[in-house]
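Below: the structure, in structure tokens.
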Amino acid sequence: MAGSLPDDENPKTTHLTPYARGYEAYLNGLDRDDNPYEWLTGGWHDWMLGFAESESADRGLSAGEAYE
């Protein structure tokens, strides 16, 4: 995009992967609807995976356990 700063100069860039941003989002109290990525992109799925794994870890669930 014309006029955009490169990522390393942009103060709004987190330098985190979508997964890491999702993981941090849960810890920061955000909701699943706060996903900043376009619906059904790779970034959207990675963000949701990070969010879900952070939520699972917070609830003390191991991989594969279901919420009740």
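We did not get these values from a lab; they are worked out from the coordinates using the rules stated. All of these numbers come straight from a predicted model, not from anything done at the bench. Note that we place each Cβ from the backbone using ideal geometry, even for glycine, and neighbour counts take in every protein chain shown.
With 10 angstrom as the radius, rank 26, 37 by how many other C-beta atoms surround their C-beta, starting from the fewest.
Least to most surrounded, the residues fall as 37, 26.
Calculate, in nm to one decimal, what residue 38 and residue 16 gain on full extension: separation in residues at 0.36 nm each, minus their alpha carbon distance.
Gain on extension, residue 38 to residue 16, equals 6.2 nm.
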